There are 2 protein chains.
Amino acid sequence: MESPKISNRGNDVIASPIRKFLPFMQDAEKRGISVFKLNTGDPDLEVPSEFFKKVNAYESKNLPYAPSPGIPVHIAAWQKYYKQFGVDIEPKHIIPTVGCAEAILLALMAVADIDDEILVFEPLYVSYKSFSVMTGIKLVPVTLKTADDFVLPSMAEIESKISPKTKAIVIINPDNPTGKLWSEDELSSLIAIAQKHNLFVIADETYREIRFQGAASCLLTHTEAKDNIILVDSVSKRYSMPGARVGCLVSYNLEVMNAVLKFAQARLSVGTLEQYGLIPLLEDSKKYTDPVKVEYEKRRDVVYNALRAMPGVVVSRPLGAFYIYAALPVDSAENFVKFMISEFSDNNQTVMVSPMKDFYITEGLGTNEIRIAYVLNTDALTRSMEILQKGLNAYPRKTN
Amino acid sequence: MESPKISNRGNDVIASPIRKFLPFMQDAEKRGISVFKLNTGDPDLEVPSEFFKKVNAYESKNLPYAPSPGIPVHIAAWQKYYKQFGVDIEPKHIIPTVGCAEAILLALMAVADIDDEILVFEPLYVSYKSFSVMTGIKLVPVTLKTADDFVLPSMAEIESKISPKTKAIVIINPDNPTGKLWSEDELSSLIAIAQKHNLFVIADETYREIRFQGAASCLLTHTEAKDNIILVDSVSKRYSMPGARVGCLVSYNLEVMNAVLKFAQARLSVGTLEQYGLIPLLEDSKKYTDPVKVEYEKRRDVVYNALRAMPGVVVSRPLGAFYIYAALPVDSAENFVKFMISEFSDNNQTVMVSPMKDFYITEGLGTNEIRIAYVLNTDALTRSMEILQKGLNAYPRKTN
């Protein structure tokens, strides 16, 4: 008997770029090789203990749905959190989400219909690509170039990508995967373009506090564009707790918030325990995020300095998030990554990084590029970079 | 300056049917009136304490992403859970989801593209309507009739709704909102239709154990249709813990599972703490679900007997879930519900129920119907039914 066929979107959506390498990594570990995993944004730092204390202090014997607009005391904690950046919001301006991922999905659906277009910068955090396939929205890429330190291209180049179907511009700041920090000038220029063309700005500030230049800020302070900006956010990185699955979507645009609330009602709510657990962290946030920033800055220095010293490697100094992006003197970063985990080892150790090809929308870009997530301590990173250099030396298909 | 416009789907998606009555309910409570809330499926029963114990025993100081295919020990507990119903699954056949809601969304996207059609029975759990708008999929309703005790319509009637664009049939069993239990004959007929027309069957078994006739079962035992059936499930109702946000999607069709896994990777994972916390419940499930079923059966009897005794009320005896559906002798159930919470009270008490209009897709149906969720104890339900009868007596726009 014939089997029913799955949807085109089910076929077209891409697998996680690291997934195809998992079997090789598992094989390596079976062979007794220990793998330094620098491929995913899963922080190794400890979760502030106040979170677990608060979760364990949950007293009710019931575990009801949280309200779709969030548990009021949780929302009040977010209000206090944003206040430190000069952003005043009311409960009607915020909806908690299942991580930033869900906030992105809801924001895309709130601003764009099937076949509408959204401007993004590539290389791009891969989930945006998946969500665009799932929702039938087309992503139109503006390419940032390593050689230019990822500087914002000219207004003319950006405007040439805007069509009558364009609904929004996505800005990830600090950026995953480049580690770029958008300057105030760049942000103002993008907001001006959005206003000129009547577009939304989806501002993804998951890595807000992890920046190594200037103070943490929030795009919502651009009150000249109150109706344009939709903030998507997450507690995952700043408090090292991606397993909590809590983020939020914030906008002063009440039409957006009304649409997002209706979407959110269909899936009911965000975890009740985690909403309570996060209250002490959100209320006293700087105490937790300051040491995190200091730690990642040390790691950035280790990885950046090591990569810069490698012959033929082109690298840009990240000013935020915990990623660094490097072009390698190899034929193909995918082949090189596969080589590192299936053929190479040094003293029974090797390194796993992410090839960047799938972070691009434009075909043919990023083939020799990798992203390194510096989510291990400085000793492990120092050793990882040593292994990477030895791997590059041993790799047979180098290009220079 | 002009504001950017939200998407059509953001405009078109419906608000939760109970949401429009919330301000009236809050006003009633401000006036000192206590409201028996029978409008949402939020169980009042206690969560098995083993869940909280297991959550509190979480020892790591990290809270990493769970793997998208689930934490292996959590998946093993689901395997044991399904085994009691004669269903053997491997880890590749199951993916945990953020409640059944997310499982529904992922199942819809895995089987249907924009403008494709899915057959559903109305009245219908409202989230399906929202998800269809969000994903651009058209729901084609087959109407179940109170007067016929919601019996499955003829094969000819069902087949007349199938077009080349039809991709799946949704079966909620036991059913929300009707309380209907699908008979084995009905299920076999629907599976035969699905196979004949090469359709998927999305089986929503959130209320599996809450049934008052026959033993709990699982559609996946229909191994003659292994490639057709996609199960969507949840721990929310059977263990009284909707705030945990854990469900799953199960299918023997590996193309479906591959698509769903790729979708799931984009949003990363389901709550880490809850996946651990649920292990003892899933491993010894009957111990927790048997008393739950006994309690809801008592409540069903209280509510059903009271409604049946009310002049002019048409009601069908629910055989599962914890909902009962009633046609009232009123001009409009929405007006009546509004009357009950904004004008009527008895001894400073009143009752909140859900009008059913929004549970239909076909315009004009359900205008005089309500859904009652029997999520309070039998004393509260007895009193609620007394208030409902008094409200009906006092309501000025009765139809008989």
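Observations on the structure shown:
- Each Cα pair under 8 Å and six or more residues apart adds its separation to the average, and for chain B the resulting relative contact order is 25 percent.
- Within chain A: Cβ-based charge dipole about Cα centre, in debye rounded to nearest 20 (Lys, Arg +1; Asp, Glu -1): 640 debye
- Across chain A, Cα-Cα distances exceeding 38 Å account for 21% of all pairs.
- Residue-count net charge about B:Thr143 - beta-carbon cut-off 14 Å; Lys, Arg +1, Asp, Glu -1: -3
- Distance between the 7 Å Cα→Cβ label points at A:Val73 and A:Glu46: 2.5 nm.
- Only Cα pairs under 8 Å and 6+ residues apart enter the sum, and on that basis the relative contact order of the stretch A:252-327 stands at 17 percent.
- Buried on assembly, the stretch B:103-144 (at least 40 Å² less accessible surface than by itself, 1.4 Å probe): B:Met109, B:Asp113, B:Ile114, B:Met134
- Taken about its Cα centre, the protein assembly as shown carries a charge dipole of about 740 debye when Lys and Arg each add +1 at the Cβ and Asp and Glu each add -1 at the Cβ.
- The Rg/Rh ratio of the protein assembly as shown, with both radii computed over alpha carbons and Rh defined as the Kirkwood radius, is 0.98.
- Each copy carries A:Lys138; placing its label point 7 Å along the C-beta direction from Cα gives inter-copy distances of 2.4 nm, listed from smallest up.
- With a cut-off of 11 Å between beta carbons, the residues surrounding A:Pro355 carry a summed charge of +1, where Lys and Arg count +1 and Asp and Glu -1.
- Computed per residue of chain A from DSSP H runs no shorter than four, each worth -39500 (n - 2.57), the mean residue ellipticity at 222 nm is -11000 deg cm²/dmol.
- Accessible area (Å², 1.4 Å probe, nearest 10) - B:Leu261: 20 Å²
- Highest-MSF residue in chain A out of A:Ile14, A:Ile341, A:Ile370 [GNM, Cα springs under 10 Å]: A:Ile14
- Expressed as a whole percent, the accessible surface of the protein assembly as shown that belongs to carbon and sulfur atoms is 50, based on a 1.4 Å probe.
- Working from Cα pairs under 8 Å separated by at least six residues, relative contact order for the stretch B:198-272 is 27 percent.
- The stretch B:220-287: C-alpha gyration tensor shape, a/c 1.5 cut-off, then a/b vs b/c: oblate
- Oblate is the label for the stretch A:1-81, because a/c, from the alpha-carbon gyration tensor with a ≥ b ≥ c as root eigenvalues, is 1.5 or above and a/b does not exceed b/c.
- Legend: residues in the stretch A:263-304 shielded by at least 20 square angstrom of accessible surface upon adding the remaining protein chains to the isolated chain (1.4 Å probe, heavy atoms) are A:Phe263, A:Gln265, A:Ala266, A:Arg267, A:Leu268, A:Ser269, A:Gly271, A:Leu273, A:Glu274.
- Each other copy places its own label point for B:Glu90 at 5.6 nm from this one, sorted shortest first, where the point lies 7 Å along the Cα-to-beta carbon line.
- Total buried accessible area between A and B, probe 1.4 Å, nearest 100: 6600 Å².
- Averaging over all projection directions, the Cα-based convex hull of the stretch B:130-243 occupies 8.2 nm² in the image plane.
- Helix B:184-196 and the longest principal axis of the C-alpha atoms of chain B enclose an angle of approximately 60°.
- Counting only alpha carbon atoms, the long axis of helix A:378-394 and the longest principal axis of chain A meet at about 50°.
- Residues listed by number, the stretch B:272-307, amide nitrogen under 17 Å from B:Lys53 label point at 7 Å toward C-beta: B:276-289
- Degrees separating the helix B:285-308 axis from the principal Cα axis of chain B, which is the longest one: 30 degrees
- Neighbourhood net charge (10 Å Cβ-Cβ; Lys/Arg +1, Asp/Glu -1) for B:Pro43: -2
- Relative to the current alpha-carbon distance between A:Ser188 and A:Asn347, full extension at 0.36 nm per residue lengthens the span by 52.2 nm.
- With label points set 7 Å from Cα along Cα→Cβ, the inter-copy distances at B:Tyr58 are 0.9 nm, sorted shortest first.
- For the protein assembly as shown, the per residue solvent-accessible surface stands at 35 Å², with DNA, RNA and ligands left out and a 1.4 Å probe.
- Measuring how big the stretch A:253-293 is from its alpha-carbon positions, Rg and Dmax come out at 14.8, 38 Å.
The values are calculated or read from the model by the stated rules, or taken from the named source; none is laboratory data. Just so it is clear, the model here is predicted, and its values are computed rather than measured. Heads up, the Cβs are rebuilt from the backbone with ideal geometry, glycines too, and the neighbour counts pull from every protein chain shown. SASA here: full protein model, heavy atoms, side chains in, ligands and nucleic acids out. Shrake-Rupley method; radii C 1.70, N 1.55, O 1.52, S 1.80 Å.
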